[in-house]
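Visitor: The structure is given below, and queries will be raised subsequently.
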Amino acid sequence: MNLVMTLLWTRRPLTRHDLRRTVEQYQLTTSDEAFERMFERDKDELRALGVPLETVEADPLFDDELGYRIRPDEYELPEISFEPDELVVLGLAARTWSHGTLGGAAAQALRKLQASQPGTDGTPAGPIEPRLGAAEPGFPTALRAIQTRQELRFEYRGAGSAETSPRRVQPWGLTSVHGHWYLTGFDVDREAERVFRLSRVVGDVRTHGRPGAYDIPADARPADVARAAAPAESETTAQVTVRTGAGARLRSQAQVLEDGEEWTRLEVRLPDDSLVSELAMLLDSVRDIAPAGVAQAVREHLTTVAERHTDAGIPVLSQTAQSALDALRNTSGKRGHGSIEPATERLSRLLAMVPWLVHRQGIDVAEAARGLSVTEDQLRADLELLFMCGYGSMPDQLIEVDSESGRIFIENADTIARPLRLGWDEAVTLVVGLRALEAVPGLHDDDAVGRALGKLETAVGDLLSAADRVTARIDDEGVDAGLLATLRAALADRRRVHLVYDAAERDERTERDVDLMRVVSAEGRWYAEGWCHRAQDSRFFRLDRIRSVEVLDVDGTPPAEATPRDLSAGTYQPADDATVVTLVLEPAARWVTEYYPVAEHAQITATDGTHLEAVRMIVSHLDWLVRLAVRLGGRLVVLEPAHVREQLIDRVQSALAGAPMDAGRDLTSP
């Protein structure tokens, strides 16, 4: 901090000798070597934070003497003013990253933009909460490598594979698809463009070599490559009879042929594999499947599920899985007590905090802590540190802080009264967040997003190229603009809504009256959260499962006990009476660990040498687990508890004994 203030204050470049005399921490070094090590480390850390530290000739008459300085015009964030509606969408853009690895960078970027506009900190973002996230540990390293053009090295496990392979990649871009991040780049060993899903990276992502080691092709289209359509699948049309109230998922994709009191005749067209698994999941709630080939495929599918769950090797496999998962838990549970905050993180926070406080003289300590997203204890510790910061050691060269009255006053901080320019990660988060918002219809004031984005793109300057290599869409799963607009209006007017909703955990169509709390995007999908009068509790409703919505002329204010769910651990939160189950997955079913929340998972080897994934999962609705196991046709096996596995076996064998699919009615029959 003192080095930054000193180099901003000086009117001429300062030599190493000047800095050692001026900066108090350097005065305390006991040797030239210790000073050199400290100074070199500080230079690297400042440049990593985006501080424009220059190395120049200290004296034109002596070209062997180097000097250092920071030009205020290159350090300071350009003067930029946002209208209230622009700040609303900027807040939305920052919050899209709130549960990912770049959440801190996004929040700090917003804080810098708000620094000179007091009174805007609490600008409400409204009850619409889109989220991009970036929870993959390798995301920040990959993003930085794209910015610096450095090679990445990592171990990668492909889809459906149990083995990993080393990869050397020149990264070109990052793309969010269906809530997951994909890295596109040039695979050095395979000498071809490749796409890698970051959640399938095993271990650390490491940079290798010097920055600027390669050029990104001018015609590279990372987003197009990552979003490339999957190969076309063959489809089959079938007619089936489904029990009334069952098969909500299938009904949403089917045409009704006959609608009776107990059974409904449907016609559905789906890819071959999906059709068989969808019908098998209905168990004894489906009959009269035609054509006969589909009926036979469903029978074989169910038979495989039953055989896998009654295999004689289940006890040994269960013991192997439990041992591996227990060992993983014991290892991950051994952690040190407490941690030391990296100096660069604290410096970054202080450089953003001081301008924010300078423009809010007399702010209450508690209010300041909320605005800066720190605890009151942390804020007080930061204020105590500021007493020792300045461009010299004399009293008139140090920052003055007064907070004894419970209100904060800061003086003599002119050298850092303007915030530091946005760093590469801060610029990327806000620009990409705003561009993602721009693509969602019915979410916001489109004009405000466009105006805010234009101002921001001007302010970030050269860093815009880094944002151009990152592509994200909040509406990956598709969003009905009309539905989103209806829910948004109901929230604004505080009106209750009546939903016709397909409940996935029980595969049934339900009707609910709901007092909405918010609409939020998370993990690649949109949800409405509200107080459900049917359940008498808060519930999440996926927008793509809402079949119809009616806004009622009834007050929709949620009761006092209705509180929004904390999404930091994901959208799924198990019920108090949830069951812990142990599963094993074949490589082709490993996607379950990426798509659904799991407590633990570890790779194991079966007695026949097959590589499997052992998984512990907390399940609130066992019916859902039964359908998932049936859907996967034996590629997922439930091991424990035994009574859950036995329940699954009974239901599958009952469906087979009833032979619901044997009728094989012709498609042309009534």
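The values are calculated or read from the model by the stated rules, or taken from the named source; none is laboratory data. Note that the coordinates shown come from a computational prediction; the quantities given were computed from them, not determined experimentally. Neighbour counts run over all protein chains shown; Cβ positions are idealised from the backbone, glycine included. When the accessible area is computed, the model is the full protein with side chains, heavy atoms only, and any ligands, DNA or RNA have been set aside. Shrake-Rupley method; radii C 1.70, N 1.55, O 1.52, S 1.80 Å.
Visitor: Taking every pair of alpha-carbon atoms in the chain, what share in percent sits in each 10 Å bin, from 0 to the bin with the longest distance?
Guide: Over the chain, the share of Cα pairs per 10 Å bin runs 3, 12, 19, 23, 20, 12, 7, 3, 1, 0, 0 percent.
Visitor: Let me ask another. Take every Cα-Cα pair in region 212-318 and report what % of them are more than 25 Å apart.
Guide: That tail contains 44 percent of the Cα-Cα pairs.
Visitor: Further question: If Lys and Arg each add +1 and Asp and Glu each add -1, what is the summed charge of the other residues whose beta carbon sits under 11 Å from the beta carbon of VAL188?
Guide: Result for the local shell: +1.
Visitor: Report in % the part of the accessible area of the chain that belongs to carbon and sulfur, leaving out ligands and nucleic acids; probe 1.4 Å.
Guide: Carbon and sulfur atoms account for 48 percent of the accessible area of the chain.
Visitor: Let me ask something additional. Helix-only estimate, please: 222 nm mean residue ellipticity of the chain, summing -39500 (n - 2.57) across DSSP H runs of length 4 or more and dividing by its residues, to the nearest 500.
Guide: That comes out to -11000 deg cm²/dmol.
Visitor: How high is the FRET efficiency between HIS621 and GLU155 when r is their beta carbon distance and R₀ equals 25 Å, given to the nearest 0.05?
Guide: Between HIS621 and GLU155 the formula returns 0.10.
Visitor: Before anything else, pin down the relative contact order of the chain: Cα pairs under 8 Å, at least 6 apart, normalised by residue count, whole percent.
Guide: Taking the mean separation of contacting Cα pairs over the length of the chain, I get 18 percent.
Visitor: Based on the Cα atoms of region 168-208, what semi-axes does the equivalent ellipsoid have, where each is the square root of 5 times one gyration tensor eigenvalue, given in whole Å with the largest first?
Guide: Taking √(5λ) for each Cα gyration eigenvalue gives 17, 13, 8 Å.
Visitor: Moving on to the next point. Taking the solvent-accessible surface of protein heavy atoms with a 1.4 Å probe, what is the per residue accessible area of region 313-424 in Å²?
Guide: It amounts to 54 Å² per residue over region 313-424.
Visitor: Let me test this: with uniform point scatterers at the alpha carbons of region 360-512, what is the Debye-based log₁₀ I(q)/I(0) at q = 0.10, 0.19 1/Å?
Guide: Ignoring solvent entirely, the Cα scatterers give -0.68, -1.13.
Visitor: Quick one: accessible area per residue over region 208-308, 1.4 Å probe, rounded to a whole number of Å²?
Guide: Heavy-atom SASA per residue in region 208-308 reads 52 Å².
Visitor: Taking a ≥ b ≥ c as the square roots of the Cα gyration tensor eigenvalues, with a/c under 1.5 meaning rounded and otherwise prolate when a/b beats b/c, else oblate, which class fits region 355-420?
Guide: It comes out prolate by the Cα gyration axes.
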